[in-house]
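Undergrad: One structure is given below, represented as structure tokens, and several questions about it will come after.
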Amino acid sequence: MNITAIDWAIIAAFFIISLLIGIFTSKKAGSSAKEFFLSGRNMPWWLLGVSMVATTFSADTPNLVTDIVRKNGVSGNWAWWAFLLTGMLTVFVYAKLWRRSEVTTDLEFYELRYSGKGAAFLRAFRAIYLGVFFNVVIMATVSLAAIKIGGVMLGLSPVQTLLMASVVTVIYSSLGGLKGVLLTDFFQFFIAIIGSFGAAYFILDLPEVGGLQNLLSHPNVSDKLDFVPDFDDPNVYIPLFILPIAIQWWATWYPGAEPGGGGYIAQRMLSAKDEKNAVGATLFFNIAHYALRPWPWIIIALSSLIVFPNISDMQAAFPDVAVDKLGDDLGYPAMLTYLPTGLIGIVLASLIAAVMSTLSTHLNWGSSYIVNDFYLRFVKPEASDKELVAVGRISTVSLMVLSAFLALALSSALGAFNILLQIGAGTGLIFILRWFWWRINAYTEISAMAISFVVAIFFEVINPNLGLIDIPDNQAYLKLVYSVSITTVGWLLVTFLTQPEKDEILLKFYRKVHPAAFGWKKVLDRYPEEKQDMGQLPKEIGLMLIGSIMIYAALFATGFWLYGESVNAMIATLISVISGGIVLLSWKNLR
């Protein structure tokens, strides 16, 4: 690529501003652990919502979408579109519950909801498992995307790319804490949006693509435009649509789309000024994540099918890219090499922003687990705030180093995505029910973790080598069905075979969080003096469904307008506007 001085100046300015934000917020962030990890619980919805969007706008996200579109068409995106249902459930049901809990991290929840050694084990184990191992895998997939972008667009080696991407991120994340992350996310979000929309607009105008109409009518593209897959072949529509919309969204656990909220989404809800700001932040996030951002990525992915129909075409165009890094996800950075001077700088800055915003969030989030849920809870309960911040900064650097090494060994973002879904299969329903069903206990969650992990290892490692269960390649989706079924049956059996939590623990949680009393009635009936507030759960679930319709309609309306299908576009737009009006009017009456 022809990277000019103008492009480098734009990139340099981006790095300098990000560093200055970290330096600006470092003094306040270092004053206490609560400031470092929750920014004083005083953040407004708009800043938190933009940060959530920026975090999930990782450099590997457009690569993942490109991989999906090139393999399965636009309808393949239901693999992640289905998670909107999880997100809207969090908006209207769980956001306010998390804020009421007043925990520092979502793992601290375990010792609020459960008790004894089981609760302590859950908190300690998941602090290391999620904070270190799982978190490192996520950051490695982000770093992998950076490696591919750096190799294709800048001709950098993987090590050079990782050094450039991680050094500035580690500096401002370790200095500024969560507030530094939030403010840089806000700045990086707008750079990322401008870059993605600008890139899509220019790429459509390339002679090779020939404009929007030529793109949509091209034989390489025309059969990949449907919003839902072909229902003539169950081996196509079941994994691409039925499974995500019927099972995956509530049964699997994935960062940013956790059933019942959790992870860095919970961290931001916990740092909100109040419940209304927590709800507003998650609502903005879901609207922007699913309705605003996908189409520029999809357009570039479809364009890549014209310019680079096969992986071999990309290999010929970019011979310096390592063979193990070649894949359909390379189509996105490959198309960006066609951008002109100036726009190249903005797009590169936007991609760097996407990498840095995600890495910084995961660094701060993972570090919060290590510090609050392991070091402070089990290693040194008497540690001072100064010491906790120091440990947080050290763990931030360590997590980045570990993820960089793992990134060098990975080859596909989609492969990592599927493995993570498999490991969390069957656990999601617990995260939804534990707020509303008194019978769930610590051993429910321990058994679900263990069973889902063993089942994932069986299907991903043992069975391919031994062939104990015959699963045809075109029915690989059965692995998720088996995993969810086995794990769910397993944890339900454990739940009923073990003792429930003591009444005093359950009552303490109920009084603190005030969940709808439907699933707590058996306990509350033993204490007539306790108020049984049934809440507004049916209305909240109704708003979750209407809100989902609103966002899906907006997503498809955009697609119909692009496709030139005016009637369908107007219908979808009207549905979105009406649904949005219902959500807005009803939301004001929620308590």
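Undergrad: Sort 224-234, 328-338 by the packing proxy (mean of other Cβ within 10 Å over each peptide's residues), most packed first.
TA: Ranked from most to least packed, the peptides come out as 328-338, 224-234.
Undergrad: Now a separate question. What is the order of Arg123, Arg526, fewest Cβ neighbours within 10 Å to most?
TA: Least to most surrounded, the residues fall as Arg526, Arg123.
Undergrad: Taking only C-alpha pairs under 8 Å that are 6+ residues apart, what is the relative contact order of the chain in percent?
TA: Once normalised by length, the contact order is 27 percent.
Undergrad: Just to be sure I follow the rule: in the range 416-572, considering lysines 8 or more places apart or on different chains, how many pairs have Cα atoms under 22 Å apart?
TA: Close lysine pairs found across the range 416-572: 15.
Undergrad: Round to the nearest 10 and give me the degree value, 0 to 90, for the angle of helix 5-29's Cα axis relative to the longest principal axis of the chain.
TA: The helix 5-29 is inclined about 10 degrees to the chain.
Undergrad: Moving on to the next point. Between the helical axis of 566-587 and the dominant principal axis of the chain, each derived from Cα atoms, what acute angle in degrees is found, rounded to the nearest 10?
TA: Roughly 30 degrees between the two axes.
Undergrad: Same structure again: Mind ordering 71-82, 143-154 by average Cβ neighbours within 10 Å, highest first?
TA: Averaged packing, sorted descending, gives the order 143-154, 71-82.
Undergrad: Quick check on the exposure proxy: order Glu504, Glu529, Glu102 from fewest to most C-beta atoms within 10 angstrom.
TA: Glu529, Glu504, Glu102
Undergrad: If you count, for each residue, the other Cβ atoms within 10 Å and average over each peptide, how do 464-474, 257-267 line up from highest to lowest?
TA: Per-residue mean Cβ counts within 10 Å order the peptides as 257-267, 464-474.
Undergrad: Treat the count of other C-beta atoms within 10 Å as a stand-in for reagent exposure and order Phe189, Phe125, Phe109 from fewest to most.
TA: Phe125, Phe189, Phe109
Undergrad: Now for a different question. Sum up the charges of everything whose Cβ sits under 12 Å from the Cβ of Leu89, counting Lys and Arg as +1 and Asp and Glu as -1, but leave Leu89 out.
TA: -2
Undergrad: Counting Lys +1, Arg +1, Asp -1, Glu -1, what net charge surrounds Thr444 among other residues with beta carbon under 11 Å of its beta carbon?
TA: +1
Undergrad: Could you name the lysines in cross-link range of Lys179, using Cα to Cα under 25 Å and dropping any fewer than eight places away on the same chain?
TA: Candidates past the 8-residue exclusion: Lys27, Lys28, Lys34, Lys96, Lys273, Lys276, Lys386.
Computed from the coordinates by the stated procedures, all read-outs in this text should not be read as laboratory data. Treat the numbers as computed from the prediction; the structure is a model and nothing was measured. Backbone-built Cβ (ideal geometry, glycine too); neighbour counts: all protein chains shown.
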